[in-house]
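Structure, as structure tokens:
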């Protein structure tokens, strides 16, 4: 039931003040009072049953045990009727010990709204108004789930969680926050991968080593943008430190995202709690020691790439005398013209910059990446630094090379994308660093998995790379991670999928399966799901179907649990919509959402008076500004304010689970934001254009349908009518029609502020 404003006026308050007061009271009653949240942890329910002395031995820690399908519990008696899936059997087996069962199945509207937000991140369209014959047919729920999974908007919703994990951004972060103009191609790749139900094993392989394993596939090349998602201090003067920081960040994030292991502290010392050695960190890092950062990537079959490389080698050999002479002349001028800028870099860095690109080692490529952005060549300064003789000779050499450029071989294909490759010179050596200090290299290490998992290691020799010149290191890592018997990869991912549906995983921290995180609430269920995931061909959509067709997912919320102290999974937990879902739901209610998929980022209007040097210029098109939130420009130093206030995570760190705060700015934004007010006005216009009626009850019903997707019940209708009359009486409009419109606008605004709009039951 809605809570509306009080009727009694107080002296001294004008119409506008009264409206704000009324909406404030609503928010205090309906939003700022926290809704029931996902289940809290109960340590007694989270234990695996293993003796404590065994859990101190790294070889027996649950996360590293072989992945075996456990027996599905048999549920006796009348409770067996609640079993629609093996998932239900595992959970009912645990609930039975406390004499608890599932809550009754939720009504049609609740389930459809829950499922649509889970899979599409959008409210149901069109919303079901009342029982429909198709909802009475056998199998309607399974068919509804399948229809949602087939929607192109499924990928947009699922990609959002993945982008949180990889700390996706379209800028570098730190002081300069430089733009990454091709980063959005990775975001679009992730959306397409989910829409196509790409096998998770392939999804992992493409991101880590798409260039090595699938060099002819543009999607696989784009996917390697994963290896470039680290925050980057592009103007760092200490290039050696910048390189090491990037490799450390990439290594730690691979541990977070794919292994579910928090490995960051191991860059300085052996892990204090988990069986992860400092050498393990750098062995994992060695897989990436050969990466070269590229914005333009040649593609083709291995045979085509090999032929192209041979042709290029021939062309480079024929032109080397001219290019070497030109480089010698230009180097003299560069040293003279940019002496002050060059002075801040050590010799090893300058050697990397001064070495021709085709002759650089992997390490030199990495160092040059940061350095060249700080040494831009000013043609006028360079020419002025040369003697008249050198200038004339330089011009002649450039002219000859321009003519020879026409003979330069064309690659089988080019792709403009933020990607990673390797060069034939081979990876740079990797050392364990004393105290994590790049200036204190200790013993050299070869690539390898953490020692606790070493028994299942795959070496580069086991995975011959398909891209000529690549080491095959990342391909070996990718194949090892996606082996069917890997103890972590499937467990980590099915826990993330479960978390997406219930707000909390079977493991509390999906990025840390070590001893600092409580052991799984239902270890048998976790392993059963993981094995099912692998045997389904690593199908993420299959896991969604499995979970959503279970009774535990379809049950009602806590108010229907039927027990004084309902246990976790004996009811469905209420969850607040994510920041992006809130904005997209408002755009949908207003009829303004632009549902086009993919493409460059958009920039919505920033709040008035928003003052920061990191601001942006809004997109010109109103349609573009109304695109789904996943397409909003992801700027590290300027998160979109509306999303940030509703807990969008920091883009500098991997986020496995978003926090859910309840703070005053959220209510103030929903009350006063120009965007929210404009969207409420658009809801009103939508009502006027479609279902407008002089009949006041019809107006109340129309507002409920547009915003909440349902008709009001009897009490809500009465309150709504009372609210319209009260607000109309406070309007400053001169005619009754305008006063009525003002009141209906307020009602639309109120409904957007309700818990029912902001939460999923």
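The values are calculated or read from the model by the stated rules, or taken from the named source; none is laboratory data. Note that the coordinates shown come from a computational prediction; the quantities given were computed from them, not determined experimentally. We place every Cβ from the backbone using ideal geometry, glycine too, and count neighbours over all the protein chains shown.
Which residue, of 146, 136, 59, is farther than 21 Å from residue 573 by Cα, in contact with a helix residue (DSSP H, G or I) (Cβ under 9 Å, 6 or more places away or on another chain), at pLDDT below 90 and not assigned by TED's automatic domain parsing to the domain that holds residue 509? If you could, list the steps in order and put the result at the bottom.
Values: 146 fails: at pLDDT below 90; 136 fails: in contact with a helix residue (DSSP H, G or I) (Cβ under 9 Å, 6 or more places away or on another chain).
Within the list 146, 136, 59, the selection yields 59.
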### Message
Please go through the stretch 645-671 and give me each residue that is assigned to a helix (DSSP H, G or I) and in contact (Cβ under 8 Å) with a residue 24 or more places away in the chain, ordered by number.
### Response
645, 664, 666, 667, 669, 670, 671
### Query
Is it the case that the stretch 170-186 has a residue that's in contact (Cβ under 8 Å) with a residue 24 or more places away in the chain, in a helix (DSSP H, G or I) and more than 22 Å from residue 254 (Cβ to Cβ)?
yes
### Task
For residue 601, state whether it is touching a helix residue (DSSP H, G or I) at 6+ places or on another chain (Cβ under 9 Å) and touching a residue at least 24 places away in the same chain (Cβ under 8 Å).
yes
### Message
Tell me yes or no: at least one residue of the stretch 684-694 is touching a helix residue (DSSP H, G or I) at 6+ places or on another chain (Cβ under 6 Å), modelled with pLDDT under 90, closer than 22 Å to residue 592 by Cβ and not in a helix (DSSP H, G or I).
### Response
yes
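Looking at 496, 474, 467 in this structure, which one is in contact with a strand residue (DSSP E or B) (Cβ under 8 Å, 6 or more places away or on another chain), surrounded by 18 or more Cβ atoms within 10 Å (Cβ to Cβ) and in a helix (DSSP H, G or I)? Let's see the steps before the verdict.
Values: 496 fails: in contact with a strand residue (DSSP E or B) (Cβ under 8 Å, 6 or more places away or on another chain); 467 fails: in a helix (DSSP H, G or I).
Residue meeting the stated conditions: 474.
Report yes if residue 411 is in contact with a strand residue (DSSP E or B) (Cβ under 8 Å, 6 or more places away or on another chain) and farther than 24 Å from residue 181 by Cβ, otherwise no. I'd like the intermediate steps shown before the answer.
Working: in contact with a strand residue (DSSP E or B) (Cβ under 8 Å, 6 or more places away or on another chain): yes; farther than 24 Å from residue 181 by Cβ: no.
No, not satisfied.
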#### Entry: Candidates 428, 417 - the one that is under 30 Å from residue 303 (Cβ atoms), buried (at least 17 other Cβ atoms within 10 Å of the Cβ) and either modelled with pLDDT under 90 or touching a strand residue (DSSP E or B) at 6+ places or on another chain (Cβ under 7 Å) (or both)
417
### Message
Condition first: surrounded by fewer than 20 Cβ atoms within 10 Å (Cβ to Cβ), touching a strand residue (DSSP E or B) at 6+ places or on another chain (Cβ under 7 Å) and farther than 24 Å from residue 602 by Cβ. Can you find one or more residues in the stretch 651-658 that meet it?
### Response
no
### Query
Residues 689, 726, 695: which one is more than 36 Å from the chain's Cα centre (by Cα) and under 18 Å from residue 590 (Cα atoms)?
689
## Note on the structure
For the stretch 442-459, pairs from a residue that is on the phi > 0 side of the Ramachandran plot and without any contact (Cβ under 8 Å) to a residue 24 or more places away in the chain to a residue that is assigned to a helix (DSSP H, G or I) and surrounded by fewer than 15 Cβ atoms within 10 Å (Cβ to Cβ), with Cβ under 7 Å and 6 or more apart or across chains, are none
### Query
Among the residues of the stretch 501-509, is there at least one that is at pLDDT 95 or above, under 15 Å from residue 657 (Cβ atoms) and either outside the structural domain of residue 94 (by TED's automatic domain parsing) or part of a helix (DSSP H, G or I) (or both)?
yes
#### Entry: Selected residue (only one of 324, 296 is exposed (fewer than 13 other Cβ atoms within 10 Å of the Cβ) and in contact with a strand residue (DSSP E or B) (Cβ under 8 Å, 6 or more places away or on another chain))
296
### Task
Go through (1) surrounded by 19 or more Cβ atoms within 10 Å (Cβ to Cβ); (2) under 19 Å from residue 585 (Cα atoms) and name the single condition residue 622 misses.
(1)
### Message
Anything in the stretch 507-532 that is buried (at least 22 other Cβ atoms within 10 Å of the Cβ) and within 21 Å of the chain's Cα centre (by Cα)? List them, or say none.
### Response
507, 510, 511, 513
### Message
Considering only residues that are over 19 Å from residue 573 (Cα atoms) and out of contact with any helix residue (DSSP H, G or I) (no Cβ under 6 Å at 6 or more places or on another chain), which ones fall in the stretch 99-124?
### Response
99
### Task
Of the numbered conditions (1) outside the structural domain of residue 229 (by TED's automatic domain parsing); (2) exposed (fewer than 13 other Cβ atoms within 10 Å of the Cβ), residue 385 fails exactly one; give the number of that condition.
(2)
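Look at residue 710 and say whether it is assigned by TED's automatic domain parsing to the domain that holds residue 753, in contact (Cβ under 8 Å) with a residue 12 or more places away in the chain and either surrounded by 14 or more Cβ atoms within 10 Å (Cβ to Cβ) or closer than 26 Å to residue 625 by Cβ (or both).
Working: assigned by TED's automatic domain parsing to the domain that holds residue 753: yes; in contact (Cβ under 8 Å) with a residue 12 or more places away in the chain: yes; either surrounded by 14 or more Cβ atoms within 10 Å (Cβ to Cβ) or closer than 26 Å to residue 625 by Cβ (or both): yes.
In short, yes.
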### Task
Take residue 260 and decide whether it is within 24 Å of residue 174 (Cα to Cα) and either touching a helix residue (DSSP H, G or I) at 6+ places or on another chain (Cβ under 8 Å) or surrounded by fewer than 24 Cβ atoms within 10 Å (Cβ to Cβ) (or both).
no
## Note on the structure
Quick count over the stretch 730-750, residues being loosely packed, with under 13 Cβ neighbours inside 10 Å and either out of contact with any helix residue (DSSP H, G or I) (no Cβ under 7 Å at 6 or more places or on another chain) or in a helix (DSSP H, G or I) (or both), is 4
